[in-house]
Amino acid sequence: MDFELTKEQSMIRKMVRDFAEDVIRPRAVEMDINAEFPQDIFEQMGELGLLGIPFPEKYGGSGGDTLSYAIAVEEIGRICGGTGLSYAAAVSLGASPIYYFGTEEQKEKYLTPLAQGKSLGAFGLTEPNAGSDAGGTKTTAVEDGNDYIINGEKCFITNASFAKTIIVTAVTGKNDSGKNIISAIIVPTDTEGVTITSNYDKMGVRASDTAEVVLENVRVPKENLLGDPQKGFKQFLYTLDGGRISIAALGLGIAQASLEKALEYAKERKQFNQPISNFQAIQFKLADMSMEVELARNMVYKSAWLKDQNKPFTKESAYAKLYATETAFRAANQAIQIHGGYGYMREYEVERYLRDAKLLEIGEGTSEIQRLVIARQLGC
Amino acid sequence: MNIYVLLKKTFDTEEKIVVSNGQIEDDGAEFIINPYDEYAVEEAIKQRDAHGGEVTVVTVGDEDSEKQLRTALAMGADKAVLINTEDDLEEGDQFTTTKILEAFFEDKEVDLILAGNVAIDEASGQVGPRLAERLGMPYVTTITSLEIDGDTVNVEKDVEGDVEKVLTSLPLLVTCQQGLNDPRYPSLPGIMKAKKKPLEELEIDDLDLDEDELEPKTKTVDIFLPPEKEAGRVLEGEVEDQVKELVSLLKNESKVL
């Protein structure tokens, strides 16, 4: 066993950390207040190759592994949860399905600009009445000559307002046992009939764009169907398995940031003539936070490693997502507690960590769904 | 153009540094490219992109220095040379490093050598100028601008906040000051490509040197951290009285006036 990162992985960590500290940190508070998506930061991230980490060079990627990508998400999440979420969604949900399931033509046409960071991707799965129950998708795609005509409504779609393509899930028919067949279709956002609005006023991850997508008689060529038309559901389950690793990494970054802020404050803040870090009540909190952050890190990295080794990782990525995001919430909550009244104020940032962490327990499979995934893997 | 960069691995002085028994603790310390050397790497890449040629980054260090060299390769340097003294030398100083570099450059065709103005650990700023002297080439320290046209070189040099303009020629050695450029982040494709770029490892044997010739000319007597900053004092009362008190404190207590 070897717990050391490779030279490339530690260089990537250093580079992303420096970038996040220099470029993102000075704007994190303001982006949260204004709910402002930092398009210019994504352009720079694209130039640095961050949006193409896990994709091969021939599709404009950087030829890195899942672990390097997870490290990059962790480092960005450590500075800004919203930027981290948009990053994770762009790579794991917007671009990865095309890499996993796309035809050669689709990869060249759609994956390359995403991997190069020249455009942003989104994934439209959730609907007003289909969240955890993804099988309840109502959006339909009906064959018409060489096209599909898509009708439906998607909600809470990350990055959609800034995306050039959205991968949309839709019902394309029924199988022999009468169940809906769900397929994934690449929809360019400039297609007629696509309306994208971003009116959500979110609790956290406010630097990330979240939008509603309405599809009204949207006509796209049949060749935009992604992967096997019969296995759309299986495909996006696989996509979500991978997405979980990145959300877990994001939680890890927020948890790490919470620990750092709390430790720094505890050493500086004096009460009863001594730093509060001298008190066991505070020490126990910090010890628990530090332990949980490290345990989360081990699970996140292990699930990324399993994926890189082409081994099954469904259960482990659910462990990672569940544990790391709940760790993020607990760590942020304790960081506020350690800060006392100051922690409740925006400028100390830890209250933002809590608001950002909350989303991670909901998005890309709630904590409850993660437990179901794990239980199913156990054979229940 | 044959461009060389002298690079040093240093402690990250923004991280906590622990000194015990007169030695800086290596365990857990973070190591980085000396920040002034990053300006040198960036400038070397820019000059190569403008004039063609090749950038070689050279360090005198140990096995772990490979990480900093790979980072320079990831930024865009073409080749790296690690002169590993780990097994041969107990200690060294600026003389040692200069002597090793002199031997290394003996058979090299050189147009331009760039180094950092100082290393942030020992901050002597000596290796660059001493090497230039040994190699018999002109040098300019603390440069903030470098323009090369044929063999003619226009340099702007920082002199305690003022600018000195120097006209000189290649071959040349310069040491780089803050303000010269903004070092780039190594890009992801850069990092992935760096592992395929050549990194040559040499020992002092390969340079026909032996340890006796390299014995340091200086002796380190003690290493200690600066004293912790004491709490400040806030003067109170009328401004006039405060000024009087301040002057009296400066005179009698801290004795700076």
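The values are calculated or read from the model by the stated rules, or taken from the named source; none is laboratory data. Since we're looking at a predicted model, the values are computed, not measured. Every residue, glycine as well, gets a Cβ built from its backbone with ideal geometry; the counts of neighbours run over all protein chains shown. Remember, those area values only see protein heavy atoms, side chains included, never the ligands or the DNA or RNA. Shrake-Rupley method; radii C 1.70, N 1.55, O 1.52, S 1.80 Å.
In terms of the mean number of neighbouring beta-carbon atoms within 10 Å, the peptides A:363-373, B:69-79 order highest first as B:69-79, A:363-373. Computed from phi, the 3J(HN,Hα) profile of the stretch A:221-238 under the Karplus parametrisation 6.51, -1.76, 1.60 (θ = phi - 60°) reads x, 4, 5, 7, 5, 9, x, 7, x, 7, 10, x, 5, 4, 4, 7, 5, 5 Hz, with x in place of Gly and Pro. The mean number of partner chain beta-carbon atoms within 10 angstrom of a residue's beta-carbon across peptide B:61-67 is 1. For the residues A:52, A:253, A:343, a GNM of chain A with alpha-carbon springs under 10 Å puts the largest fluctuation on A:343. Counting DSSP beta bridges with both partners in the protein assembly as shown, what percentage is antiparallel, nearest 5? Among the beta bridges of the protein assembly as shown, antiparallel pairing accounts for roughly 60 percent.
Per residue, the average separation of C-alpha pairs within less than 8 Å and at least 6 apart gives chain A a relative contact order of 17 percent. Calculated over the stretch B:154-225, the projected area of the Cα convex hull averaged across directions stands at 10.5 nm².
Relative to the longest principal axis of the Cα atoms of chain A, the long axis of helix A:280-308 makes an angle of roughly 30 degrees. Based on alpha-carbon atoms, the Kirkwood radius and the radius of gyration of the stretch B:114-257 give Rg/Rh equal to 1.15.
May I ask for log10 I(q)/I(0) of the stretch A:14-121 at q = 0.11, 0.13, 0.15 Å⁻¹, from a Debye sum over the Cα atoms as equal point scatterers with solvent left out? Treating every Cα as an identical point scatterer, log10 I(q)/I(0) equals -0.31, -0.43, -0.57. Starting from the Cα gyration tensor of the stretch B:1-111, take the square roots of the eigenvalues, sort them a ≥ b ≥ c, and report rounded, prolate or oblate (rounded when a/c is under 1.5, otherwise prolate if a/b is larger than b/c, else oblate). In terms of gyration-tensor shape, oblate. With θ taken as phi - 60° and the Karplus curve 6.51 cos²θ - 1.76 cosθ + 1.60 applied, the whole-hertz 3J(HN,Hα) list for the stretch B:70-84 is 4, 5, 5, 5, 5, 5, x, 5, 8, 9, 9, 10, 10, 9, 8 Hz, x standing for glycine and proline.
If you take the C-alpha gyration tensor of the stretch B:51-185, multiply each eigenvalue by 5 and take the square root, what semi-axes do you get, largest first, in whole Å? Computed over the stretch B:51-185, the values are 24, 17, 16 Å. Taken as Cα centroids, the stretch A:223-257 and the stretch A:157-183 sit 14 Å apart, rounded to the nearest whole angstrom. Database remark: amide H of residue A:227 closer than 5 angstrom to the amide H of A:103 (H placed geometrically; neighbours at sequence offset of 5 or more, or on other chains; Pro and chain starts carry no H).
Taken over the alpha carbons of the stretch A:233-378 as equal point scatterers, the Debye sum produces base-10 log I(q)/I(0) values at 0.09, 0.12 Å⁻¹ of -0.31, -0.51. Using a Gaussian network model of chain A in which every pair of alpha carbons under 10 angstrom is joined by a spring, one finds that among A:205, A:142, A:171 the greatest mean-square fluctuation is at A:142. With both residues required to sit in chain A, DSSP beta bridges show an antiparallel share near 85%. Rounded to whole numbers, the Karplus 3J(HN,Hα) couplings from phi for the stretch A:260-265 are 4, 4, 5, 5, 4, 5 Hz, using 6.51 cos²θ - 1.76 cosθ + 1.60 with θ = phi - 60°, and x at Gly and Pro.
Dividing the Cα radius of gyration of the stretch A:122-229 by its Kirkwood radius returns 0.98 for Rg/Rh. Evaluate peptide A:17-27: per residue, the Cβ atoms of other protein chains within 10 Å of its Cβ; return the mean as an integer. For this peptide, the per-residue mean of nearby foreign Cβ atoms is 1. Under a model in which nothing but the beta-carbon of Lys, Arg (+1) and Asp, Glu (-1) is charged, the protein assembly as shown shows a dipole of about 3740 debye around its Cα centre.
Inter-chain Cβ neighbour count for B:178-190, averaged per residue, equals 5 (cutoff 10 Å, partner chain atoms only). Computed over protein heavy atoms with a 1.4 angstrom probe, the accessible surface ordering of B:32, A:167, largest first, is B:32, A:167. For the options A:289, A:203, A:31, a Gaussian network treatment of chain A with springs between C-alpha atoms closer than 10 Å singles out A:203 as fluctuating the most. Remark: accessible area buried at the B-A interface is about 1500 Å², both chains counted, probe radius 1.4 Å.
Ordered by 1.4 Å accessible area with all protein chains kept, A:302, B:219 run largest first as B:219, A:302.
Each residue was assigned an accessible area with a 1.4 Å probe, and for residue B:51 the value is about 80 Å². Compute the helix-to-body angle for B:35-51: its Cα long axis versus the longest principal axis of chain B, expressed 0 to 90° and rounded to tens. With rounding to tens, the tilt is 40 degrees.
Test of understanding: what is the full-extension gain from residue B:106 to residue B:23, defined as 0.36 nm times their sequence separation minus their Cα-Cα distance?
Difference between extended and current length: 26.5 nm.
Could you tell me whether the protein assembly as shown comes out rounded, prolate or oblate from its Cα gyration tensor? Rule is a ≥ b ≥ c as square roots of the eigenvalues, rounded for a/c under 1.5, then prolate if a/b exceeds b/c, otherwise oblate. Here the protein assembly as shown falls in the prolate category. Between residue B:218 and residue B:246, the modelled labels are 3.7 nm apart [label points 7 Å from Cα along Cα→Cβ]. Placing dummy labels 7 Å off each Cα toward the beta-carbon, the span from residue B:134 to residue B:255 is 4.3 nm. Using the alpha-carbon positions of chain A, Rg (one decimal) and Dmax (whole number) come out as 20.8, 79 Å.
For the stretch B:228-257 versus the stretch B:55-134, the spacing of their alpha-carbon centroids is 47 Å. Packing around the peptides B:249-256, A:255-262, taken as the average count of other Cβ atoms within 10 Å per residue, puts them in this order, highest first: A:255-262, B:249-256. For the stretch A:1-39, there are no residues whose amide N sits under 14 Å from a probe point set 7 Å from the Cα of residue B:16 along the beta carbon direction. Listed cross-link partners A:138/A:234; B:8/B:79; A:138/A:174; B:9/B:229; A:14/A:270 are compared with a 24 Å cut-off, the Cα-Cα value being larger for B:9/B:229; A:14/A:270.
Note on residue B:38: accessible area is roughly 60 Å² with a 1.4 Å probe, heavy atoms of protein only.
Evaluated over the Cα positions of chain B, the convex hull gives a direction-averaged projected area, one quarter of its surface, of 18.4 nm².
Farthest towards the positive end of the charge dipole of the protein assembly as shown, among the residues B:22, A:113, A:333, is the Cα of A:333, using unit charges on the Cβ of Lys, Arg, Asp and Glu. The long axis of helix B:239-248 is offset from the longest Cα principal axis of chain B by roughly 70 degrees. Step through the table entries A:109/A:164; A:231/A:321; B:67/B:217; B:46/B:108; A:222/A:315, compare each Cα-Cα distance with 23 Å, and write down the pairs that go over it. The answer is A:231/A:321; B:67/B:217; A:222/A:315.
Prolate is the label for the stretch B:11-55. Its Cα gyration tensor axes, ordered a ≥ b ≥ c, give a/c of at least 1.5 and a/b above b/c.
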